[in-house]
Amino acid sequence: MKKESPLNNTFALVLERLVSATASFLATFVVARYLLPEHFGQLSFLLALVSLLGPLMALGLNSLLTSELLKRPIDQQNIIGTAIFLRFSCGLVVAVVSTLVAYPLIENWHLFSMLVFSSVWGAFSVIDFWLQANLANQYAALLRVGSVLFVSVLRLWAVWMEAGWHVFVLICCLDFFLVGFGYILLYQKFSNGVQNLRISKDEIGKLLNDSKWLFFSGIAAMIYLKVDQVMLGVLLDNKAVGIYSGAVKLSEVWYFIPAALMTAYFPRLLQTRVSNRTEYLAQIQKL
């Protein structure tokens, strides 16, 4: 597996986010014009609900795994295998509970259920943090760009075929599967393979203990970002959610710049912090 410098990784991630954000925004614009605020609002409302459940499924492990993989490379298979197991099993529990709770409350319960269970495949994004730890972000970037472009083409095709709005929900479900399966293929190609991953009881306790505060902060962050759309759907109607979601897409498109920068430099910062404290502080200032 080819490793890149943080600068090259930043360039790859920024390029990925630019291409993905542009393709996604253009496709969303066309879909929003086609579905009109009512149906686009229904779709956005369901996706916002699923996003709110995301931190519960992630268990706060996202910000922890890159650090653990860098500190304990010899335990790589235990860390990755245990993290995938935790996220997948927790995701299934969250999906079952949320669909049962939503049954009497949400009109399009069956579509919500499909989205929630599809999002469980996000457990395999654990492999992305393994790529980050190995300074190989370019492979994950290519995967995500390919998925976004494919899904965007599908959405435009659905508009061309004058499909019902539920078809766009199915396309969102397919997106979850594509990315999850893509991460599995990357790990198969550049490692010993998923068949050699291990689940460790000791690792379960350590990861859950170390991630508990990150778990709560992730929930708070996602509520901050998505609860407005849910509130609009409850207090007003789907049309209001549709109009508001279009504006939110335009504002969120810029988030990729600081996110890409920190994702690329984070592994190098962790290594420098251990080996050279002065250089670490200097790199923090530059960032």
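The values are calculated or read from the model by the stated rules, or taken from the named source; none is laboratory data. The model shown is predicted, which means the values in this text are computed figures rather than measured ones. All Cβ positions, even for glycine, are placed from backbone atoms using ideal geometry, and neighbour counts span all protein chains on display. The protein model used for the area step is the full one, side chains on, heavy atoms only, and it has no ligands, DNA or RNA in it. Shrake-Rupley method; radii C 1.70, N 1.55, O 1.52, S 1.80 Å.
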Inset, instruction - Count, please, the residues in segment 219-246 that happen to be among the hydrophobic types (A, V, I, L, M, F, W, C), open to solvent by 60 Å² or more (accessible area, probe 1.4 Å) and in a helix (DSSP H, G or I). - result: 5
Inset, instruction - Quick one: count up the residues across segment 103-116 that are in contact (Cβ under 8 Å) with a residue 24 or more places away in the chain and in a helix (DSSP H, G or I). - result: 5
Legend entry - Residue that is modelled with the lowest pLDDT [pool: residues in segment 8-31 that are surrounded by fewer than 17 Cβ atoms within 10 Å (Cβ to Cβ) and farther than 12 Å from Q138 by Cβ]: L18
Inset, instruction - Kindly indicate whether V116 is farther than 27 Å from T272 by Cβ, β-branched (V, I, T) and open to solvent by less than 20 Å² (accessible area, probe 1.4 Å). - result: yes
Legend entry - Residue count for segment 96-129, restricted to those that are closer than 27 Å to I199 by Cα and among the hydroxyl-bearing types (S, T, Y): 4
Legend entry - Restricting segment 161-174 to residues that are open to solvent by 40 Å² or more (accessible area, probe 1.4 Å) and assigned to a loop (DSSP other than H, G, I, E, B), the residue that is farthest from L36 (Cα to Cα): M161
Legend entry - Hits in segment 187-218 - residues which are closer than 30 Å to G41 by Cα and open to solvent by 40 Å² or more (accessible area, probe 1.4 Å): F215, F216, S217
Inset, instruction - Name the residue, out of F129, F150, F177, that is of a type in the set (F, W, Y), assigned to a helix (DSSP H, G or I) and in contact (Cβ under 8 Å) with a residue 60 or more places away in the chain. - result: F129
Inset, instruction - Could you tell me whether any residue of segment 253-265 is open to solvent by 40 Å² or more (accessible area, probe 1.4 Å), among the β-branched types (V, I, T) and farther than 27 Å from V30 by Cα? - result: no
Legend entry - Residue list for segment 195-251, filter: out of contact with any Leu (no Cβ under 6 Å at 6 or more places or on another chain) and of a type in the set (G, A, S): S200, G205, S217, G218, A220, A221, G233, G242, S245, G246, A247, S251
Inset, instruction - Go over the candidates A158, A141 one by one and state the one that is of a type in the set (A, V, I, L, M, F, W, C), under 17 Å from the mean Cα position of the chain (by Cα) and part of a helix (DSSP H, G or I). - result: A141
Inset, instruction - Being polar (S, T, N, Q) and out of contact with any Asp or Glu (no Cβ under 7 Å at 6 or more places or on another chain) is the filter; apply it to segment 69-95 and report the residue that is farthest from L270 (Cα to Cα). - result: S89
Inset, instruction - With respect to Q188, determine if the residue is farther than 26 Å from L115 by Cα, touching a helix residue (DSSP H, G or I) at 6+ places or on another chain (Cβ under 8 Å) and free of Cβ contacts under 8 Å to residues at least 24 places away in the same chain. - result: yes
Legend entry - Pairs with Cβ under 7 Å, 6+ apart, first in segment 62-81 and more than 15 Å from Q195 (Cα to Cα) and assigned to a helix (DSSP H, G or I), second open to solvent by 50 Å² or more (accessible area, probe 1.4 Å) and of a type in the set (A, V, I, L, M, F, W, C): S63/L214; L64/L214; T66/F266
Inset, instruction - Might you check whether a residue that is among the β-branched types (V, I, T), over 23 Å from F29 (Cα atoms) and buried (at least 20 other Cβ atoms within 10 Å of the Cβ) occurs anywhere in segment 141-157? - result: no
Inset, instruction - Just one of (1) of a type in the set (S, T, N, Q); (2) under 20 Å from the mean Cα position of the chain (by Cα); (3) open to solvent by less than 30 Å² (accessible area, probe 1.4 Å) trips up T99, so point out which. - result: (2)
Legend entry - Positions within segment 79-96 being crowded, with 20+ Cβ neighbours inside 10 Å and over 26 Å from H166 (Cβ atoms), in sequence order: I79, I80, T82, A83, I84, L86, R87
